[in-house]
Ligand SMILES: NC(=O)c1ccc[n+]([C@@H]2O[C@H](COP(=O)([O-])OP(=O)(O)OC[C@H]3O[C@@H](n4cnc5c(N)ncnc54)[C@H](O)[C@@H]3O)[C@@H](O)[C@H]2O)c1
C-alpha cells in the first residue's frame, strides 16, 4: 500500500538503491531514475549490483508494485519527494558537479508546488544553495522555500558494515529554511530511526566532509608513522594496540596500502578546493594527507623490493600473489583502490603478478595481472604473498602454513608477537608487517 506518496531517487548506485529499497519497505511508491541503461535493465529484471542489497529485495520491491527503475525522467513526474544521489567525482583535482547539474536540470521542469527536493551527493558547502537550488528555480519557475522545499542530507552508508546501516545510523538533515527542514525531516523520519537536524544546508554539507577528512587525516598519520617506525625498528602495530587501551582521547586507526573508494581519496579535496577558491588559502592537513596516502602503494613496492633483495631476488620475474584488490574488506568495490595500484606498479616492474579476490571479477584487473584463487597451490608457488585486503574469505592458516614469504599490510596474519591474535596457527612463513 502506498502510505506516503511518490518518491523519486535519482541515481541507483551504492547510495540510491539502498535508499529506494528502504523507502519501498516503509510504504513509499518509488521510481529509481538511472541514466545507465544497463543498470535499469538489471534492476527491472530483479537483479541487484549493489552488494548490500540482495536481488530478492529488488524483485520483491518490483512485485509490490511500488518500485520501478527507469532511465526516463518522465517517469519521475508528479513526485512528492526527490532525492539526488548522483556521483561527485574529481576531474584533474577539480570537483565535477556536472551530474548534480544535469539531474537538477531534469528534475526542475517536473517540480510541483509543495514538493521536496533533497541532495545527498557529497559536495562542498554552498552547492545546495548556490548551485542546485538556483538551477531548480530556473528550470521550474518556482521559488525554493516558497513553492517547493529544498534540503541537503549527507549519506553515511558504509558498504559491508554488518552493524550500522541506513536505518540505524543517525542521519544529519537540513533545509534552506524552517519549512524546508520540516519537510526534509518528515521524509527521513519515515526512513531512518534518528534524524539530526542542523541549522543550515552548508553545515550539513560540511559535516560530511569533516567526517571523511577526519578519517583521511588520521589514516595518513598512522601510515606515515608506519613508514618511520619500520625504519626505526619499532612495531607500530603493537604501539597502536597499546594506545587503543586508553579509554579516552584516542581513536584507533590502522596503516594500510593507501585509501580508496568513492569517499576518502575524493571528498577532502572538495573541501580544500572550496577553501582555496573562496579564501585563497590551502587546507594543509588535507594536502599532506593526500600526499602521504597517495604514496602508500609506492611504499608497499619499496618494501617488496627490500624483501626480495634480501634473498638476492629481483621484482622482475618474481611470482607475487596479491590477496585482495578491493579498496575495502569484504566488498568488491575497486574504485580508486590502492591494491589495484600496487598490482599495476609490480606488473610494470616485470613481476609475474597474480591477484586473488573472491569479490571482484577479472575486468577489474590491470593489464598483465591474472585473477587466481587463493588456494594452497598459488600460495605455495609465490615468491612473495602480499596481504592487501583482509577479506574474511581468505584463510590465515593456509597463508601462514604455505607461503614462503609474506608482506602483511593489514596485520592480518599471526606474528611472533605473543598474545596478538587469539588462536595463532603455526607460522611457517617469513612474515613482515607494513
Ligand atoms: N558509496 C558510498 O559508500 C558513499 C557513501 C556516502 C556518500 N556517497 C556519495 O553519494 C554520491 C553517490 O555515490 P554512489 O557511491 O552511490 O555512486 P554510484 O556511482 O554507485 O551511483 C550513482 C549513480 O547515479 C547515476 N547517475 C549519474 N548521473 C545521473 C543522472 N543525471 N540522472 C540519473 N542517474 C544518474 C550513475 O549512473 C550511477 O549509477 C556521491 O556523491 C558519493 O560521494 C557515497
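The values are calculated or read from the model by the stated rules, or taken from the named source; none is laboratory data. These numbers were taken from a predicted model, which means no experiment stands behind them. Every residue, glycine as well, gets a Cβ built from its backbone with ideal geometry; the counts of neighbours run over all protein chains shown.
Pull out all pairs, ordered by first then second residue, where Cβ-Cβ is under 6 Å, the residues are six or more apart or on different chains, the first lies in segment 100-121 and is under 20 Å from residue 20 (Cα atoms) and modelled with pLDDT of 95 or more, and the second is within 9 Å of the ligand (Cβ to nearest atom) and outside any loop (DSSP other than H, G, I, E, B).
Filtered contacts from segment 100-121: 103/10; 103/84; 106/73; 119/84; 121/100.
Please identify the pairs in which a residue from segment 267-286 that is crowded, with 17+ Cβ neighbours inside 10 Å has its Cβ atom under 9 Å from the Cβ atom of a residue that is part of a loop (DSSP other than H, G, I, E, B) and modelled with pLDDT under 90, counting only partners at least 6 apart or on another chain.
Listed by first residue and then by second, the contacts come to 269/93; 273/93.
Kindly provide the set of residues from segment 31-84 that are part of a loop (DSSP other than H, G, I, E, B), more than 26 Å from residue 156 (Cα to Cα) and more than 11 Å from the ligand (Cβ to nearest atom), ordered by number.
Correct list: 45, 64, 65, 77, 78.
Look through 365, 323 and report the one residue that is at pLDDT 95 or above and more than 22 Å from residue 220 (Cβ to Cβ).
Selected residue: 323, the only one of 365, 323 that is at pLDDT 95 or above and more than 22 Å from residue 220 (Cβ to Cβ).
Per-residue answers, yes or no, for (1) more than 16 Å from the ligand (Cβ to nearest atom); (2) in contact with a helix residue (DSSP H, G or I) (Cβ under 6 Å, 6 or more places away or on another chain):
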site: 196; (1), (2): no, no
site: 200; (1), (2): yes, no
site: 215; (1), (2): no, no
site: 223; (1), (2): yes, yes
site: 238; (1), (2): yes, no
site: 244; (1), (2): yes, no
site: 247; (1), (2): yes, no
site: 253; (1), (2): yes, yes
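Are any of the residues in segment 353-369 closer than 18 Å to residue 300 by Cα and surrounded by fewer than 16 Cβ atoms within 10 Å (Cβ to Cβ)?
no
Here is a check on your reading of the model: is residue 15 under 26 Å from the mean Cα position of the chain (by Cα) and more than 14 Å from the ligand (Cβ to nearest atom)?
Considered against the rule, which asks whether it is under 26 Å from the mean Cα position of the chain (by Cα) and more than 14 Å from the ligand (Cβ to nearest atom), residue 15 comes out as no.
Restricting attention to segment 151-185, which residues are more than 16 Å from the ligand (Cβ to nearest atom) and touching a residue at least 40 places away in the same chain (Cβ under 8 Å)?
176, 180, 183, 184 - these are the residues of segment 151-185 that are more than 16 Å from the ligand (Cβ to nearest atom) and touching a residue at least 40 places away in the same chain (Cβ under 8 Å).
So is residue 61 surrounded by 16 or more Cβ atoms within 10 Å (Cβ to Cβ), under 22 Å from residue 118 (Cα atoms) and in contact (Cβ under 8 Å) with a residue 40 or more places away in the chain or not?
Details: surrounded by 16 or more Cβ atoms within 10 Å (Cβ to Cβ): yes; under 22 Å from residue 118 (Cα atoms): no; in contact (Cβ under 8 Å) with a residue 40 or more places away in the chain: yes.
For residue 61, the condition - surrounded by 16 or more Cβ atoms within 10 Å (Cβ to Cβ), under 22 Å from residue 118 (Cα atoms) and in contact (Cβ under 8 Å) with a residue 40 or more places away in the chain - is not met.
Residue 67: over 23 Å from residue 160 (Cα atoms) and in contact with a strand residue (DSSP E or B) (Cβ under 8 Å, 6 or more places away or on another chain), yes or no?
Criteria met by residue 67.
Whether any residue in segment 297-307 is within 16 Å of the ligand (Cβ to nearest atom) and in contact with a helix residue (DSSP H, G or I) (Cβ under 7 Å, 6 or more places away or on another chain) is what I want to check.
No, that holds for no residue.
Please give the helices (runs of 4 or more DSSP H) falling wholly within segment 214-307 in which 2 or more residues are more than 27 Å from residue 124 (Cβ to Cβ) and either over 18 Å from the mean Cα position of the chain (by Cα) or in the same structural domain as residue 89 (by TED's automatic domain parsing) (or both).
Working: elements: 236-243, 267-279, 284-294.
Ranges flagged: 236-243.
Mind checking which residues of segment 85-99 are touching a residue at least 24 places away in the same chain (Cβ under 8 Å) and either over 25 Å from residue 260 (Cβ atoms) or more than 9 Å from the ligand (Cβ to nearest atom) (or both)?
Of everything in segment 85-99, those that are touching a residue at least 24 places away in the same chain (Cβ under 8 Å) and either over 25 Å from residue 260 (Cβ atoms) or more than 9 Å from the ligand (Cβ to nearest atom) (or both) turn out to be 90, 93, 94, 95, 97.
Could you run through segment 1-12 and say how many residues are more than 13 Å from the ligand (Cβ to nearest atom) and either at pLDDT 95 or above or within 17 Å of residue 116 (Cβ to Cβ) (or both)?
Let us first name the residues in segment 1-12 that are more than 13 Å from the ligand (Cβ to nearest atom), namely 1-7.
Now drop any that are not either at pLDDT 95 or above or within 17 Å of residue 116 (Cβ to Cβ) (or both), which leaves 2-7.
Final tally of qualifying residues: 6.
Can you find a residue in segment 5-12 that is closer than 11 Å to residue 81 by Cβ and out of contact with any helix residue (DSSP H, G or I) (no Cβ under 6 Å at 6 or more places or on another chain)?
yes
Return yes or no: is residue 112 farther than 25 Å from residue 172 by Cβ and in contact with a helix residue (DSSP H, G or I) (Cβ under 7 Å, 6 or more places away or on another chain)?
When the stated conditions are applied, residue 112 does not pass them.
Report yes if residue 354 is within 21 Å of residue 305 (Cβ to Cβ), modelled with pLDDT of 90 or more and part of a loop (DSSP other than H, G, I, E, B), otherwise no.
no
Somewhere in segment 315-338, is a residue surrounded by fewer than 23 Cβ atoms within 10 Å (Cβ to Cβ), touching a strand residue (DSSP E or B) at 6+ places or on another chain (Cβ under 7 Å) and in a helix (DSSP H, G or I)?
Among the residues of segment 315-338, not one is surrounded by fewer than 23 Cβ atoms within 10 Å (Cβ to Cβ), touching a strand residue (DSSP E or B) at 6+ places or on another chain (Cβ under 7 Å) and in a helix (DSSP H, G or I), which makes the answer no.
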